Amino acid sequence: MSAAVSAARASLGYGGEPVLTGLDFAAGTGTTVCVLGPNGGGKTTLFRALVGELRPLTGTVAVAGRPAYVAQTDRTRLDFPVTALDVALMGSLAGGRWWRPARGCDRQAAGRALERVGLADAAGVAFGELSGGQRQRVLIARALVQKAGVLLLDEPLGGVDPDSAQRISTLFAELRSEGRTLLVSTHDVESAHAFDLVLCLNRRQIAFAQPGEALTRSVIEETYGSELVVLSGGSDEPVRAIAVQHHEH
Amino acid sequence: MDLVDTLLEPWRSGIGRRALLEVVLLGGICGALSFWVTSYRLAYPAESLAHGLLPGLVIAALAGLPLLLGAAGGVGLAAAAIALAARDERIAPETATAVVISGAFGLGALLALRPDAPARLEELLFGDLVGVGDADLFAAGALAVLASLALAALHRPLTAVAFDPVTAGALGLAPARVRLALLGLLAAALAVAVQGLGSLLVLAVLVAPAVAVRRRSASPLQAMLAGAAVAAGAGIAGVYASYLLGIAAGAAVALALCLAAAAGSALPGLRRGAAA
């Protein structure tokens, strides 16, 4: 099994002090990785390094092919006049040839991607008029059009409606069975159990292992510090816990 | 008939015809460009460059060189000075820009107001639509064609980066380069348009059209076409007003553009409910 995403003794930062150190992991093709950590723990920084926006201060990070990146939807411009289909269609820019108009087959691919995320009917709706969960699904459709083998998703389930969350989770399982590699950052310790692997970050790599192995009380406590409410589990057994988030918006 | 007579009057003179053609050409391309200028929040940089190129214009006027050459040189120097001043991390970039541009504007005025200089400062500041020559029209036509081609080629990257600058890099785009390409187009448009509309008024045609049409546009293409139409229409209205009322043409065009922007902001948008 070849590594689709890996890091070797990497530390990341924006010049000056590193904000994330000790990264050492490798995820094979077709695996799903849950990236857990508190706000400011380094999840988004890791993603920015994996898409190539940020060069590691030390060590290396590597991705097989160009990954698709689904950032948090609040980073997009809601007042910009584009429809859901237009946004999905942006994924075809990854094929190069940015100076050409979109081709018919690109439009079909964008339409199919919207269908896959359950938004075929909303293709002509302005992006800014969709609900938060629908917007998230449109951005995932854009990533699908990109035909990337590796998908990086930053908090895709944060603040979305239950219907969207259900569709997105189902889609993750489908993408995994197609042999795509998914890195999904989340606050939700509970949902991490559904992934193949868990990567715990809190300004450094705390753990990288299968959920049963990684999600011990001590690891979770180290990952979340005081933001955590532990519901059950001894110090070396899998735990159920809720991370209490302090949003800075 | 009186009305027909009135409407035909500007067309009877070469001066009027050239002024009308100039505002249509400049309005068309700058109106389209204004959508991107506002989408990328470049109104302030655009204003800075427009004011900062004044010394270049004045020097060209004093030396008897084509104003286009002076404007192009002035834009380049102003951009370089802003970039240089913004590198000082102890002051905010907009503060550095304000200081540099006021300095450049002062220098331009100083040169133009020397006792032995020909009195042309007014037309450099407020434009000279009445004095538009064939070379100006050729420059405006060339700008319209070349900038349209560039906007067509850049359409998808401009759209993707404006919508979502954070992930555009993951699509294989370079957001910084897209922005730079747009700044280049803006600089070229300023250099050409400043002769007709002047260093102080040219900003109107690069910002106001987008404000006028923004809330009624369902796509970037629609916004660009509508912006072009509004700007050309306001330009024609301004030239007519100048003829009929005997007022300054550049100022009349700028006012017409700003009135269109005010009307566009005040009227309700049509976007909601117009989906699908």
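The values are calculated or read from the model by the stated rules, or taken from the named source; none is laboratory data. Quantities reported herein were computed from a predicted structural model and do not represent experimental measurements. Backbone-built Cβ (ideal geometry, glycine too); neighbour counts: all protein chains shown.
So which of A:157, A:139, A:114, A:151 ends up being touching a strand residue (DSSP E or B) at 6+ places or on another chain (Cβ under 8 Å) and more than 13 Å from chain B (Cβ to nearest Cβ)?
Details: A:139 fails: more than 13 Å from chain B (Cβ to nearest Cβ); A:114 fails: touching a strand residue (DSSP E or B) at 6+ places or on another chain (Cβ under 8 Å); A:151 fails: more than 13 Å from chain B (Cβ to nearest Cβ).
Just a single option satisfies the conditions, and that option is A:157.
Which ones in the stretch B:38-54 are surrounded by fewer than 24 Cβ atoms within 10 Å (Cβ to Cβ) and in a helix (DSSP H, G or I)? Steps first, please.
So the first thing to find is which residues in the stretch B:38-54 are surrounded by fewer than 24 Cβ atoms within 10 Å (Cβ to Cβ), and the list is B:38-47, B:51.
Residues satisfying the conditions are B:38, B:39, B:43, B:44, B:45, B:46, B:47, B:51.
Taking residue A:171, is it more than 13 Å from chain B (Cβ to nearest Cβ), assigned to a helix (DSSP H, G or I) and touching a residue at least 40 places away in the same chain (Cβ under 8 Å)? Full working, then the answer.
Working: more than 13 Å from chain B (Cβ to nearest Cβ): yes; assigned to a helix (DSSP H, G or I): yes; touching a residue at least 40 places away in the same chain (Cβ under 8 Å): yes.
Criteria met by residue A:171.
Considering only strands (runs of 3 or more DSSP E) fully contained in the stretch A:1-103, which possess at least 3 residues that are surrounded by 17 or more Cβ atoms within 10 Å (Cβ to Cβ)?
Numbers: elements: A:3-12, A:20-28, A:32-36, A:58-63, A:68-70.
Ranges flagged: A:3-12, A:20-28, A:32-36, A:68-70.
Per-residue answers, yes or no, for (1) of a type in the set (Val, Ile, Thr); (2) closer than 30 Å to residue B:178 by Cα; (3) surrounded by fewer than 24 Cβ atoms within 10 Å (Cβ to Cβ); (4) modelled with pLDDT under 90:
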| residue | (1), (2), (3), (4) |
| --- | --- |
| B:9 | no, no, yes, yes |
| B:20 | no, no, yes, no |
| B:59 | yes, no, yes, no |
| B:68 | no, yes, yes, no |
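All but one of (1) surrounded by 19 or more Cβ atoms within 10 Å (Cβ to Cβ); (2) at pLDDT 90 or above; (3) of a type in the set (S, T, N, Q) hold for residue B:102; which doesn't?
(1)
Please state which of the following conditions residue B:74 fails to meet, knowing it meets all the rest: (1) surrounded by fewer than 24 Cβ atoms within 10 Å (Cβ to Cβ); (2) of a type outside the set (S, T, N, Q); (3) out of contact with any Phe, Trp or Tyr (no Cβ under 7 Å at 6 or more places or on another chain).
Of everything listed in (1) surrounded by fewer than 24 Cβ atoms within 10 Å (Cβ to Cβ); (2) of a type outside the set (S, T, N, Q); (3) out of contact with any Phe, Trp or Tyr (no Cβ under 7 Å at 6 or more places or on another chain), residue B:74 misses just condition (1).
Name the pairs: first residue in the stretch B:39-66 and more than 15 Å from residue B:103 (Cβ to Cβ), second residue of a type in the set (Lys, Arg), Cβ to Cβ under 7 Å, at least 6 apart or on different chains?
What qualifies is B:40/B:179; B:61/B:120.
With the requirement that a residue be facing another protein chain (nearest Cβ under 8 Å) and either closer than 14 Å to residue A:144 by Cβ or touching a Cys at 6+ places or on another chain (Cβ under 9 Å) (or both), what does the stretch A:67-92 give you?
Filtering the stretch A:67-92 down to residues facing another protein chain (nearest Cβ under 8 Å) leaves A:67-71, A:75-77, A:80-83, A:86-87, A:90-91.
Matches in the stretch A:67-92: A:67, A:68, A:69, A:70, A:87, A:90, A:91.
Find all pairs meeting these conditions: Cβ atoms under 9 angstrom apart; at least six residues apart or on different chains; first residue within the stretch A:55-68 and touching a residue at least 60 places away in the same chain (Cβ under 8 Å); second residue surrounded by fewer than 17 Cβ atoms within 10 Å (Cβ to Cβ) and of a type in the set (Lys, Arg).
Pairs found: A:68/A:147.
When you scan the stretch B:62-84, how many residues do you find that are farther than 17 Å from residue B:50 by Cβ and among the small types (Gly, Ala, Ser)?
Matching residues across the stretch B:62-84 total 2.
Given the criterion over 25 Å from residue B:174 (Cα atoms) and either assigned to a strand (DSSP E or B) or of a type in the set (Gly, Ala, Ser) (or both), identify the matching residue among A:128, A:118. Spell out the reasoning first.
On the way: A:128 fails: over 25 Å from residue B:174 (Cα atoms).
Answer to the selection: A:118.
Run residue A:164 past the list (1) surrounded by fewer than 21 Cβ atoms within 10 Å (Cβ to Cβ); (2) more than 14 Å from chain B (Cβ to nearest Cβ) and report the number of the one that doesn't hold.
Against the list (1) surrounded by fewer than 21 Cβ atoms within 10 Å (Cβ to Cβ); (2) more than 14 Å from chain B (Cβ to nearest Cβ), residue A:164 comes up short only on (1).
In the stretch B:154-206, what residues are closer than 20 Å to residue B:78 by Cα and without any contact (Cβ under 8 Å) to a residue 24 or more places away in the chain?
Correct list: B:176, B:177, B:180, B:184.
Would you pick out the residues in the stretch A:93-111 that are at the interface with chain B (Cβ under 10 Å from one of its Cβ atoms) and among the aliphatic types (A, V, I, L, M)?
A:93, A:94, A:102
Among A:80, A:47, which is the only one that is of a type outside the set (D, E, K, R) and more than 19 Å from the chain's Cα centre (by Cα)?
The unique qualifying residue is A:80.
Just a yes or no: is a residue in the stretch B:136-157 of a type outside the set (A, V, I, L, M), over 30 Å from residue A:94 (Cα atoms) and buried (at least 17 other Cβ atoms within 10 Å of the Cβ)?
Looking only at the stretch B:136-157, we keep the residues that are of a type outside the set (A, V, I, L, M), and these are B:136, B:138, B:141, B:148, B:155-157.
Still in the list and also over 30 Å from residue A:94 (Cα atoms): B:136, B:138, B:141.
Subset that is buried (at least 17 other Cβ atoms within 10 Å of the Cβ): B:136.
Checked against the condition, which is being of a type outside the set (A, V, I, L, M), over 30 Å from residue A:94 (Cα atoms) and buried (at least 17 other Cβ atoms within 10 Å of the Cβ), the stretch B:136-157 yields at least one hit.
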